[in-house]
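Please read the structure below before turning to the comments.
Since every read-out is calculated from the coordinates, none of them should be taken as a lab result. Bear in mind that the values here come from a model prediction, so they are computed numbers and not experimental data. Quick reminder, even Gly has a Cβ in these numbers, built from the backbone with ideal geometry, and neighbours come from all protein chains shown.
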Amino acid sequence: MNDIIDSHCHLDFEDFSSDRNAVIERARSKGIKQIVIPGVKCDNWHFIREICDNDPQLHACYGLHPYLAGEHTDDDITQLKHWLDNNDCVAVGECGLDYRKNQADKNLQLKFFNAQLDIAHTIDKPVVIHSVGATEDVINSIRHYPGMRGMIHSYSGSYEQAKKLIDLGFYISFGGAITYDNARKLRATASDIPLGSILLETDAPDQPDADHFNQRNEPAYLTNVLKCLSELRDEPIEEIAAQTTRNAQELFGI
Ligand SMILES: [Zn+2]
């Protein structure tokens, strides 16, 4: 069994309220010992801190998700700065832009995204970015911060955009979406970009792999993403597990 890191999993969500410990145990039994938990709104930060304080293999990020841009306020940005001054984290986020599934106004999303890039730059932390249908705007925003590092979670852009992001110092993270046969472009990108720039994630409870279609996703299923990536790239599972683990450790300092 290979140790791998789930670089993006919403363990704090209510979907796990009845069996969170069992979910973590199942993940550990499959070799997923370390899990990075992104923050999506102010109200959840306390609970993420509580979960991570109790388990040194769980790692906190704090941020404001673009889906909720209509609910976030300017005061939330002030609170985020204050929170990050007083609490340890491995990255700022989940922040970003979503022009496909999101009702919130583009300019409003950009305002919160850029504010969080600014904070990450100031405190010298990586960023966890959600980018759907918005990769060009994401690239434009991060170009303003030379030396900034981070991950594009559940990557859905093109191969050319992935190359630009890698050149800017970003990791490309893949989850259950690559396990679907019809995701041809995405699967080609996952097989063609350098392994040194790839992270693995589940985005649980969302984005289950093809074997768990329409079910609640959980971090134990990360082994399916690993197996799929190994088949797509025709590289040994052990090699992908070891390198993606090193990548996550390097980015998050874990
Ligand atoms: Zn997420």
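Within the chain, all pairs of alpha-carbon atoms sorted by distance into 5 Å bins from zero give the percentages 1, 7, 15, 19, 21, 18, 12, 6, 1, 0. Only Lys, Arg, Asp and Glu carry charge here, each on its Cβ (+1 for the first two, -1 for the last two); on that basis the range 9-141 has a dipole of about 480 debye about its Cα centre. Our summary of shape: the Cα atoms of the range 42-119 have principal axis extents of 37, 24, 18 Å, ordered from largest down, in whole angstrom. Between Lys81 and Asn107, the modelled labels are 2.3 nm apart [label points 7 Å from Cα along Cα→Cβ].
All C-alpha to C-alpha distances of the range 75-190, sorted into 5 Å bins beginning at zero, yield P(r) values of 2, 11, 22, 22, 19, 13, 6, 3, 1 percent in whole numbers. The trypsin sites (Lys or Arg not before Pro) of the range 99-203 meeting both criteria, a DSSP state outside H, G, I, E and B (loop) and at most 12 other C-beta atoms within 10 angstrom of the site's C-beta, are Arg100, Lys101. Counting only DSSP H runs of at least 4 residues, each contributing -39500 (n - 2.57), and dividing by the residue count of the chain, the helix-based mean residue ellipticity at 222 nm comes to -13000 deg cm²/dmol.
Suppose R0 equals 35 Å. What FRET efficiency, 1/(1 + (r/R0)^6) with r the Cβ-Cβ distance, do Ser29 and Glu239 give to the nearest 0.05? Computed FRET efficiency for Ser29 and Glu239: 0.95. Converting the Cα gyration tensor eigenvalues of the range 132-254 into ellipsoid dimensions via √(5λ) gives semi-axes, longest first, of 23, 16, 14 Å. Based on Cα contacts under 8 Å between residues 6+ apart, the range 107-253 shows a relative contact order of 19 percent.
Averaging Cα coordinates gives a centre for the range 145-197 and one for the range 1-57; these two points are 23 Å apart. For the range 92-158, the equivalent ellipsoid derived from the alpha-carbon gyration tensor has semi-axes of 18, 13, 10 Å in decreasing order. Each Lys and Arg adds +1 at its Cβ and each Asp and Glu adds -1 at its Cβ; summed about the Cα centre, the range 4-252 shows a dipole of about 520 debye. Distance between the 7 Å Cα→Cβ label points at Thr122 and Asp211: 4.5 nm. Averaged over residues, the count of other Cβ atoms within 10 Å places the peptides 81-93, 168-180 in the sequence 168-180, 81-93, highest first.
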